[in-house]
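Taking it in order: structure first as structure tokens, then the write-up.
The values are calculated or read from the model by the stated rules, or taken from the named source; none is laboratory data. All of these numbers come straight from a predicted model, not from anything done at the bench. So basically every Cβ, Gly included, is an ideal-geometry build from the backbone, and we count neighbours across all protein chains shown.
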Amino acid sequence: MSRVNTVLGTIPAEELGLVAIHEHIGYGMPGSELDTKWWKTPEQRYEETVPKLRAFHEHGGGTFVDATGICNGRDVDYYKSLSAKTGVHIVACTGFVGGDTALPHFAQAGVEYLTQQFVHEITVGIGNTGSLAGVIKVGVSRGGRMTDLDKRIYRAAARASLATGVPILTHLAIDAENAIAIFNEEGLPLDRVLFGHVDDGVNADKTRDIWIAEQGGRIGFDTFGYETELPDPPFWARPRKERLDHFLRFIGEGRLKLVLASADANCSPLGWPGVKGHTVNYIFDDLIPDLRAAGLDETTIKTIFVDNPADFLTIQK
Ligand SMILES: [Zn+2]
């Protein structure tokens, strides 16, 4: 049977519904929890987050994949209560956003240790929460090239994915030749990997999305909504139409089954102000209407947000 790990238990993939494949309940850099300026009370965090998840659920959202790695504010007991109160399935991840967000304890670790850590979080649980990770996060450190630590994390993720059947989701799809070389060396089928952020304003030109798709990788257009039209756009913003055209062109060339889409928004940013006016509900408020206006039918929209994520997230043993 096809199963997916959520923070409240393992569920049939058919129950996921519409999936936001790359989002954050609260993302911060390691140490932000110690910063007195940005420290948030539990009340503030719930107040910022619950209405967004409730709206997500009311719009017809089924599952929220939290791509916040170890050391970036991941808080699974909190996710469990959010999921129980809002009815949204939450999938938590093991792994790291990038080598440069791994604290020294992990930064000094070898591939074997990292593999064991990921496998433990997928098969035994994250900390003492009893919740199993449903996806493995990896990423390219700031600088544009994979560091030695990034490569150890990618290799460990490949081994953990093969051992458990849980897929891998990447922060950034740049330097994909090195990433794919590692996955190939480990014998991991590339349809178990979502190469994320091919659509952001900084890397869209450097990302070889078509080449990655030709190798069999899945492609994440997962920063929808970070637009230059925002009142306070982040440096990775991109004109709305440019990103949408990129996406439509990509699927129009026969790659619909390979794409996943999301907004990469933060419900309650930790240690930074976040990007105002951008939430996971961009998917419903703007993206799906834009796709309909561009002529996509409901079956195609279901493929992008329901069928493809269910196929990707299903534990493959
Ligand atoms: Zn993210």
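Quick notes on this one:
- Of all residues in segment 112-133, those satisfying the criterion of being part of a loop (DSSP other than H, G, I, E, B) and either of a type outside the set (Val, Ile, Thr) or over 20 Å from the mean Cα position of the chain (by Cα) (or both) are Val124, Gly125, Gly127, Asn128, Thr129, Gly130, Ser131, Leu132, Ala133.
- Verdict on Leu230 being aliphatic (A, V, I, L, M), out of contact with any Ser or Thr (no Cβ under 6 Å at 6 or more places or on another chain) and either farther than 18 Å from Ile136 by Cα or at pLDDT 95 or above (or both): yes
- Only residues that are without any contact (Cβ under 8 Å) to a residue 40 or more places away in the chain and surrounded by 18 or more Cβ atoms within 10 Å (Cβ to Cβ) were counted across segment 297-317, and they come to 0.
- Among residues of segment 252-264 that are more than 10 Å from Ile219 (Cβ to Cβ), those with a Cβ under 8 angstrom from a residue that is acidic (Asp, Glu) and part of a loop (DSSP other than H, G, I, E, B), sequence gap 6+ or separate chain, pair up as Ser262/Asp222; Ala263/Asp222; Asp264/Asp222.
For (1) at positive phi; (2) within 16 Å of the ligand (Cβ to nearest atom); (3) out of contact with any Ser or Thr (no Cβ under 6 Å at 6 or more places or on another chain), each residue gets a yes or a no:
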{"residue": "Gly9", "(1), (2), (3)": "yes, no, yes"}
{"residue": "Pro12", "(1), (2), (3)": "no, no, yes"}
{"residue": "Tyr46", "(1), (2), (3)": "no, no, yes"}
{"residue": "His57", "(1), (2), (3)": "no, no, no"}
{"residue": "Thr68", "(1), (2), (3)": "no, yes, yes"}
{"residue": "Gly87", "(1), (2), (3)": "yes, no, yes"}
{"residue": "Leu103", "(1), (2), (3)": "no, no, yes"}
{"residue": "Phe106", "(1), (2), (3)": "no, no, yes"}
{"residue": "Gly110", "(1), (2), (3)": "no, no, yes"}
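- Residue count for segment 203-247, restricted to those that are surrounded by fewer than 22 Cβ atoms within 10 Å (Cβ to Cβ), under 24 Å from Thr300 (Cα atoms) and of a type in the set (Gly, Ala, Ser): 3
- Test: residue in segment 224-237 that is free of Cβ contacts under 8 Å to residues at least 40 places away in the same chain, among the charged types (D, E, K, R), assigned to a loop (DSSP other than H, G, I, E, B) and within 13 Å of the ligand (Cβ to nearest atom): no
- Breaking point among (1) surrounded by fewer than 21 Cβ atoms within 10 Å (Cβ to Cβ); (2) within 16 Å of the ligand (Cβ to nearest atom); (3) not aliphatic (A, V, I, L, M), for Cys267: (1)
- Hits in segment 33-55 (condition: in contact (Cβ under 8 Å) with a residue 60 or more places away in the chain, surrounded by fewer than 18 Cβ atoms within 10 Å (Cβ to Cβ) and in contact with a Phe, Trp or Tyr (Cβ under 9 Å, 6 or more places away or on another chain)): Glu33, Trp38, Ala55
- Test: residue in segment 87-100 that is within 20 Å of Val275 (Cβ to Cβ), buried (at least 20 other Cβ atoms within 10 Å of the Cβ), touching a residue at least 24 places away in the same chain (Cβ under 8 Å) and among the small types (Gly, Ala, Ser): yes
- Selection status of Phe64, in contact with a Leu (Cβ under 9 Å, 6 or more places away or on another chain), closer than 23 Å to Ile168 by Cβ, away from the ligand (no atom under 16 Å from the Cβ) and among the aromatic types (Phe, Trp, Tyr): no
- Flag for Arg238 being modelled with pLDDT of 95 or more and out of contact with any helix residue (DSSP H, G or I) (no Cβ under 6 Å at 6 or more places or on another chain): yes
- Of all residues making up segment 14-44, the number that are more than 16 Å from the ligand (Cβ to nearest atom) and in a strand (DSSP E or B): 1
- Of everything in segment 176-202 that is buried (at least 20 other Cβ atoms within 10 Å of the Cβ) and assigned to a loop (DSSP other than H, G, I, E, B), the residue that is farthest from the ligand (Cβ to nearest atom) is Leu188.
- Hey, Ile136 touching a residue at least 12 places away in the same chain (Cβ under 8 Å) and in a strand (DSSP E or B) or not: yes
- For segment 96-111, the candidate set comprises residues that are among the β-branched types (Val, Ile, Thr) and under 17 Å from the mean Cα position of the chain (by Cα); within that set, the residue that is farthest from Thr170 (Cα to Cα) is Thr101.
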